[in-house]
Amino acid sequence: MNGIGSTAGISARDGRRWAARALLAVAALVPALIPNTAHAQPAPTCRALSFPVPNGQLGATLCAPEAADTVVVMMAGSNYNHRYWDFGYRPETYNFRQALNRAGYATLIVDRLGNGTSTRPPSTTLSATASANALHDIVQAARRGLDGAAPYAKVVTAGHSLSSGVAVLEATQHHDVDAVLLTGYSHTLEVSQVMGVISSYHPASGDPVFADRGYDEGYLTTRPGTRAAAFYGPETTDPAVLAEDERTKEVFSLTEYPDGLTSTLPPMSNDIDVPVMVVNGSLDRLSCGQGFAACTDTATLHASEAPYFAPAARLRAFVLPGAGHSVNLATNTREYQEAVVDWLDTELR
């Protein structure tokens, strides 16, 4: 009896110990199982805006998380509109706007004249300088308060390809932004590749996507089926993304290129006196030089671009492996999104 009773008492004690250990283990797991609401960002409030310019109106969309004090003003390059930054397919991966909003930054995506929600003046009236002047007005509006909203303490401009040139023009002429993000941009353009991409353009009026919309002959777009070779890396392309890109492609005018390309010539960018980040895909045929040599890796891109920026720019570089010119649409684009958020957090918070 005593032996049996003694054995039963030991089992009960062990059972209580095991139960206590189990409770402790569950308690340790609870933080991982319950969403971290302390740091979660509520869904941003988005609204359409319009900005008058000498030859029309620029359409824009402001998306602002609660209490955001920094806004990133974004324009897309030629061949793209606002959808480049606010991509509809699998937004949890490809949507750059949502990535910044989740990180607590407000975003203002602006369509250049001639595309998206902006008005369409004669193609010969378009230029990168006009876009830069408009961007300056929008930066100032953000500092005053957009459409009755509170003024933003900090304003960042972000560009892709042609609109990176616009951002350089604006920053060097007006010195009114807190940081500049340049993607699909470098001082090592491969001229033969640029001409090869340009050869893929044709009048939008003859393209199935834009037929019967009344575009004049100066508005161009990419020929059907050419965007993969021009803007993507073969190993980081989702066919569904490419199909959506073709469906939502945009128009532009060659008159936007001459002054836009001056931004890639020294010493213009040396006049930027705020933090700068340059991002390219490692297989960007437009921005990486002969044999993609300037974009072998992040350190190589930094070394290539550093001579063209002043110390005040505190240049940050990033190369997205395997990506082409359109880094927002590469399958591994979240690596680039995270790098940009880290840069913003480091420089502005």
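The values are calculated or read from the model by the stated rules, or taken from the named source; none is laboratory data. Worth saying up front: this structure is predicted, and the values here are computed from it rather than measured. Because the Cβ atoms are built from the backbone with ideal geometry, glycine has one as well, and the counts that use them run over all protein chains shown. Side chains included, ligands, DNA and RNA excluded: accessible areas come from the protein's heavy atoms. Shrake-Rupley method; radii C 1.70, N 1.55, O 1.52, S 1.80 Å.
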Here the gain from full extension of Q57 to T125, 0.36 nm per residue of separation minus their alpha-carbon distance, amounts to 23.1 nm
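What is the local net charge at P42, summed over the other residues whose Cβ is closer than 14 Å to its Cβ (Lys, Arg +1; Asp, Glu -1)?
It works out to a net charge of 0.
With the full set of protein chains in place, find how many percent of the accessible area of the range 67-151 is carbon and sulfur; take the probe as 1.4 Å. Before the final figure, lay out the partial values.
Numbers: 1380 of 2780 Å².
Heavy-atom surface of the range 67-151 belonging to carbon and sulfur, 1.4 Å probe: 50 percent.
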One finds the C-alpha centres of the range 278-329 and the range 176-242 to be spaced, in Å, by 19 Å
Env charge @ H174, Cβ radius under 12 Å, K,R +1 / D,E -1, value -4
Carbon/sulfur accessible area of the range 220-349, % of total, 1.4 Å probe, equals 60 percent
Semi-axes of the range 97-251 from the Cα gyration tensor (sqrt of 5 times each eigenvalue, largest first, whole Å) come to 29, 19, 17
Once both label points are put 7 Å beyond Cα along the C-beta direction, the A43-L254 separation in nm becomes 4.6 nm
Checking rank on 210-223, 148-161, with mean other Cβ inside 10 Å and highest first, the result is 148-161, 210-223
Expressed in nanometres to one decimal, the distance between label points 7 Å along Cα→Cβ at A149 and S192 is 4.7 nm
Rounded to whole Å², per residue accessible area for the range 226-276 with a 1.4 Å probe reads 41 Å²
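Would you kindly calculate the translational diffusion coefficient of the range 211-349, applying Stokes-Einstein with the Kirkwood radius from alpha carbon pairs, for 4 °C and a viscosity of 1.567 mPa s, and quote it in µm² s⁻¹ without decimals? Don't skip to the end; give the middle numbers.
On the way: Rh = 16.7 Å.
Here the translational diffusion coefficient equals 77 µm²/s.
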Taking N as the number of residues in the chain, the ratio of its alpha carbon radius of gyration to 2.2 N^0.38 Å works out to 1.22
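Of the peptides 121-127, 262-268, how do they stack up when ordered by the mean number of other Cβ atoms within 10 Å, highest first? It would help to have the intermediate numbers written out before the result.
Numbers: 121-127: 17.3, 262-268: 14.9.
Top of the packing list down: 121-127, 262-268.
In what sequence, highest mean first, do 225-234, 325-334, 72-81 appear when ranked by Cβ atoms within 10 angstrom?
Numbers: 225-234: 18.8, 325-334: 23.7, 72-81: 27.0.
My ranking of the peptides, most packed first, is 72-81, 325-334, 225-234.
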If R0 = 56 Å, then R314 and D212, at their Cβ-Cβ distance, give a FRET efficiency to the nearest 0.05 of 0.70
Label model pair S199, D137: point-to-point distance (7 angstrom along the Cα→beta-carbon line) in nm is 4.0 nm
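Provide the percentage of antiparallel DSSP beta bridges, counting only those with both residues in the chain; round to the nearest 5. The partial results should precede the final answer.
Values: 18 of 42 bridges.
Restricted to the chain, the bridges split so that about 45 percent are antiparallel.
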Per residue convex hull volume, Cα only, the range 40-121, in Å³ is 91 Å³
